[in-house]
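Read the structure below first, then the notes.
The values are calculated or read from the model by the stated rules, or taken from the named source; none is laboratory data. From a predicted model like this one, the values you see are computed outputs, not experimental measurements. Cβ coordinates were reconstructed from backbone atoms using ideal geometry, including for glycine residues, and neighbour counts include every protein chain displayed.
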Amino acid sequence: MSGKSASLLTKTQRNRIRNDFEDLDEEKRHRDQQRIRDRVKSGLHDFQLLANYPDRQFAVMLEDIPDDEVRAALADTTIVVERLREQSEIEREALVEEVRTHIEGYSDGTEDTKTLKQIDLRTVAEIQQQTEDNIAEQFETGRWDKRANGLMKLGVSVFIPIVLGLVIPSATPISLSHPAFTLIFIVLSFVLFVSAICWVLITTAQSLKYNILPFLVKLTKNPRAAMRGVFTKLVKNPRETVRESWDEL
């Protein structure tokens, strides 16, 4: 990305850095290193003026530079910034907060500095919190899963009294032939039947949506690959297949 226009370093200084100042004696080496430090230090303060420079000027500046060169230059620039931060012992969180403050001060609401509002720097704690939220959202039980689980719990809760109602009369002298017990038994049996039917319908619909239909689509597009996947799951990894099926329940 070097050109004939003025840059942060002179052509001679760039060559000296590439050659590690090997063609200079000790005095000249210290002299050139001092000059480079001064130029870089002055250049750092120049970025205060460029922070809210118009977007159109940046666009014109980059329009004749290939994207890979821009990406490589920005990567090296980021490395330098991070090294300066580490050298100055500035915490990343403090720097991010400082950047946010400067962005608010530079933003003037004009259309030609809209990239300022697009800057999204986050602290390590914020990134960690976002990752945890994404994981929690990914594994959060869906609405229909919650309903299916609720129906399963309801079915189990009424199944136990039904079993007791069948076992107690045959195992003990206690009689449950009273009409009230008969009515309760009928109601519990009806609830068990309805909850079981609804649970089966929900799980069947979920299996149809997430397993059967995707397999049919894949079978239509690439039958060989689809059948190979089924063979791998059922024959080569039967234990894993059973475990995944159990987890889906």
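Quick notes
- Condition met for SER189 (in a helix (DSSP H, G or I) and either modelled with pLDDT of 80 or more or surrounded by 14 or more Cβ atoms within 10 Å (Cβ to Cβ) (or both)): yes
- Residue in segment 51-67 that is surrounded by 12 or more Cβ atoms within 10 Å (Cβ to Cβ), over 22 Å from SER107 (Cβ atoms) and of a type outside the set (Gly, Ala, Ser) present: yes
- Selection count where residues are in contact (Cβ under 8 Å) with a residue 40 or more places away in the chain and either acidic (Asp, Glu) or farther than 19 Å from THR77 by Cα (or both), scope segment 1-55: 2
- Contacts under 9 angstrom Cβ, first residue in segment 79-107 being more than 25 Å from TYR53 (Cα to Cα) and of a type in the set (A, V, I, L, M, F, W, C), partner surrounded by 10 or more Cβ atoms within 10 Å (Cβ to Cβ) and at pLDDT 90 or above, 6 or more apart: ILE90/LEU84; ILE90/GLU98
- For segment 157-180, a tally of residues being in contact with a helix residue (DSSP H, G or I) (Cβ under 7 Å, 6 or more places away or on another chain) and modelled with pLDDT under 75 returns 4.
- Restricting segment 106-136 to residues that are assigned to a loop (DSSP other than H, G, I, E, B) and at pLDDT below 80, the residue that is surrounded by the most Cβ atoms within 10 Å (Cβ to Cβ): SER107
- Among the residues of this structure, LEU95 counts as one that is surrounded by 11 or more Cβ atoms within 10 Å (Cβ to Cβ), at pLDDT 80 or above, in contact with a Lys or Arg (Cβ under 7 Å, 6 or more places away or on another chain) and in the same structural domain as LEU50 (by TED's automatic domain parsing).
- Members of segment 53-100 that are aliphatic (A, V, I, L, M), under 29 Å from the mean Cα position of the chain (by Cα) and not in a helix (DSSP H, G or I): ILE90
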